[in-house]
Amino acid sequence: MTPISEAVILMAGEGSRLRGFDKTLLKPFVPVLGRPLICYTIDALIHAGIKKAHFIVGYQSGRIIAALKQLIPSELEPCFIENPEWQKQNGISLLAAVNDLTSPFLLTMSDHLFDQSIVGLLLRNAVLGQLNLALDRKLDSIFDIDDAMKVQTQEDRIFKIGKDLTVYDGIDTGLFVCPLDIFDYLERVKRDGDCSLADGVRLMASEDKARAVDIGDAWWQDIDTIAMLACAETQLRSRLARHDIVTATARPDRGNRAENQAGTGNNHPKMKDPLGQAE
């Protein structure tokens, strides 16, 4: 049984590339095959045995929290942490949780879809004194390789990380198991009061404190743009077909991206999760 029981979910940003000019749309609640995007992450955490989730909010935090409260089931204890500097990089969002965690934790993004099996694999193989990154070595399958966070490794040791790397052998999936000293590293890499998560990982890697866990054939997708969302829905439909999953309560307008959980207050019925079935 994994000793990791808490997770941090970064969701403080504006999500402008996906929202476009629609200011009523909140990225974590964009429908993906009829379910709010964040529901897939919540289900994966519960499936992995996570008991408490720290949601780091910022942009439109009141609306985000109100909508999340309607979606989080009783199996998961929520903690809402506000990042008043949400316009800065994601390292600052993670630092907002520094006083709320007392042991190693799972870290993920609110705008990534992933097979639930990846979370279990990462938790089982994590070395708790180091930072553990779930790494995708299937480079040909990456939707937007130019925008991807690239990683250079030697076996399981991380040497370099960055979007501008020209030599790399894997892609950061946005899933980590972090030791508490990630906060110290983020403080050390701050410049003008700002830093990214990648900055902290880079410094940890330079001190041999960061390692990769290969996700193998498992699937994931970052959802930053409309094109990425369309690709993710195509992949999910394919996985649904391959695994013969019947999605109950399907609606004729399930593909309408204009619908938004936070904006309307509607509560989508829970459907069977294709990501949970594709392990």
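For segment 229-263, a residue qualifies if it is open to solvent by 60 Å² or more (accessible area, probe 1.4 Å) and modelled with pLDDT of 50 or more, and the qualifying residues are Thr234, Gln235, Arg237, Ala241, Arg242, His243. The criterion of at least 2 residues that are buried (at least 18 other Cβ atoms within 10 Å of the Cβ) and at pLDDT 95 or above is met by the following strands (runs of 3 or more DSSP E) wholly inside segment 134-228: 150-154, 157-162, 170-178, 210-214.
Among the residues of segment 102-133, those identified as of a type in the set (A, V, I, L, M, F, W, C) and either open to solvent by 10 Å² or more (accessible area, probe 1.4 Å) or within 11 Å of Val213 (Cα to Cα) (or both) are Met109, Ile118, Val119, Leu121, Leu122, Leu123, Ala126, Val127, Leu128, Leu131, Leu133. Here Thr166 passes the criteria (1) out of contact with any helix residue (DSSP H, G or I) (no Cβ under 9 Å at 6 or more places or on another chain); (2) in contact (Cβ under 8 Å) with a residue 12 or more places away in the chain except the one numbered (2).
The values are calculated or read from the model by the stated rules, or taken from the named source; none is laboratory data. The model shown is predicted, which means the values in this text are computed figures rather than measured ones. With ideal geometry, Cβ positions are generated from the backbone for all residues, glycine too; neighbour counts draw on all protein chains shown. We work out accessible area using only protein heavy atoms, side chains counted, and drop any ligands, DNA or RNA first. Shrake-Rupley method; radii C 1.70, N 1.55, O 1.52, S 1.80 Å.
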